[in-house]
Ligand code: UDP
Ligand code: MG
């Protein structure tokens, strides 16, 4: 059988406590494969992650690292790893062992059957905090409503991609990365595997509520202009209502004698219209801001140090 190389890309932010366990598990799961590389992307960690990775790389050249110059966020870190992977298939997963490495052989087997992308879906699990489950479920409902995508609930960045899909992915240089949306957009032959997530091995979540909120906004506004359309629709509906009310007001002026009352309704409608306009301006501003950032065309991440020879791509 033709030999192939497996790459495993793991972005991590302050995950030093998880790294030894993660690497042990990965090395043993990957040992049946002749060629493999692990690429850990250190997303500007402030703990011992960087030193630990250097030591691991000294001991085993199959463990590589890319240290970013600061915290660029999970999605950008993952892109850095995918950009520098050299495997025939590339697996991405979290550093906290919530994505079970034991699933890797199954992912590879499906790839060998001919699927280009093998993605995973997290089964609803009591092991995850209720807050995480609820917010995640609302998030997928929103993105599927607003976005023109159909991402299944519970699909995270734990997947295998064929090198062809990785190549296609690399060609995308958009800001505000929302990788699971891009992967769904890519197409290719995709296969889904369900799994039960484990509990976080060590440490606490690196996705603060603020990061989760910004991730959700990115997901929606990167894939859809529906919010803009809804704003226009809302504006239009209110114009129609205003027109009807205008007719009523004129009618009242000519044919009724109770016209002076109505201060409350005037104030209410002014405030209400003002509010609606501000919301719509905010939505437009969000998209304008995206254009502004994208127009600068800054790199999505900056590498401070890496065990992978530069120039390899
Ligand atoms: N992560 C990262 N940069 C960040 C935030 C998170 O590289 O700014 C990594 C994190 O170390 C982990 C993965 O992204 O490997 C998923 O994060 P986490 O497990 O904290 O999120 P949760 O599972 O709670 O959604
Ligand atoms: Mg996690």
Practice task
Go through (1) at pLDDT 95 or above; (2) more than 23 Å from residue 204 (Cβ to Cβ) and name the single condition residue 65 misses.
Solution key: (2)
Exercise for the section: Being in contact with a helix residue (DSSP H, G or I) (Cβ under 8 Å, 6 or more places away or on another chain) and in a helix (DSSP H, G or I) is the filter; apply it to segment 37-67 and report the residue that is surrounded by the most Cβ atoms within 10 Å (Cβ to Cβ). Expected result: 53
Practice task
Among the residues of segment 181-193, count how many are on the phi > 0 side of the Ramachandran plot and without any contact (Cβ under 8 Å) to a residue 24 or more places away in the chain.
Solution key: 1
Exercise for the section: Output yes when any residue across segment 112-125 is out of contact with any strand residue (DSSP E or B) (no Cβ under 8 Å at 6 or more places or on another chain), within 16 Å of ligand 1 (Cβ to nearest atom) and modelled with pLDDT under 95, and no when none is. Expected result: yes
Completion exercise
In segment 8-36, anything in contact with a helix residue (DSSP H, G or I) (Cβ under 9 Å, 6 or more places away or on another chain), away from ligand 1 (no atom under 16 Å from the Cβ) and either touching a residue at least 24 places away in the same chain (Cβ under 8 Å) or in a strand (DSSP E or B) (or both) is listed as 29, 30, 32, 33, 36
Completion exercise
The lone condition residue 215 fails out of (1) within 11 Å of ligand 1 (Cβ to nearest atom); (2) surrounded by fewer than 17 Cβ atoms within 10 Å (Cβ to Cβ); (3) in contact (Cβ under 8 Å) with a residue 24 or more places away in the chain is (2)
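Give segment 140-165 a look and list any residue that's more than 24 Å from residue 115 (Cα to Cα) and either touching a helix residue (DSSP H, G or I) at 6+ places or on another chain (Cβ under 7 Å) or crowded, with 17+ Cβ neighbours inside 10 Å (or both), or say none. I'd like the intermediate steps shown before the answer.
The first filter runs over segment 140-165 and keeps only residues more than 24 Å from residue 115 (Cα to Cα), leaving 140-147.
140, 142, 143, 146, 147, listed by residue number.
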Handout entry: Pairs with Cβ under 6 Å, 6+ apart, first in segment 194-208 and more than 6 Å from ligand 1 (Cβ to nearest atom), second at pLDDT below 80
Key = 196/125; 197/125; 199/127
Practice task
May I ask you to say which residue of 232, 202 is assigned to a loop (DSSP other than H, G, I, E, B), surrounded by 11 or more Cβ atoms within 10 Å (Cβ to Cβ) and modelled with pLDDT under 85?
Solution key: 202
Problem - Test for residue 123: is it over 30 Å from residue 302 (Cα atoms), surrounded by 14 or more Cβ atoms within 10 Å (Cβ to Cβ) and out of contact with any helix residue (DSSP H, G or I) (no Cβ under 7 Å at 6 or more places or on another chain) - result: no
Problem - Residue tally, condition within 16 Å of ligand 2 (Cβ to nearest atom) and over 11 Å from residue 95 (Cα atoms), over segment 9-32 - result: 1
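Let's see how each residue does on (1) loosely packed, with under 13 Cβ neighbours inside 10 Å; (2) free of Cβ contacts under 8 Å to residues at least 60 places away in the same chain:
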residue	(1), (2)
224	no, no
228	no, yes
237	yes, yes
246	yes, yes
266	yes, yes
275	yes, yes
280	no, yes
284	no, yes
Exercise for the section: Considering only segment 87-140, state which residues are on the phi > 0 side of the Ramachandran plot and either assigned to a strand (DSSP E or B) or more than 14 Å from ligand 2 (Cβ to nearest atom) (or both). Expected result: 114
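The values are calculated or read from the model by the stated rules, or taken from the named source; none is laboratory data. This structure is a prediction, so every number in the text was calculated from the model and none was measured. Positions of Cβ are generated from backbone atoms using ideal geometry, with glycine treated the same way; all protein chains shown enter the neighbour counts.
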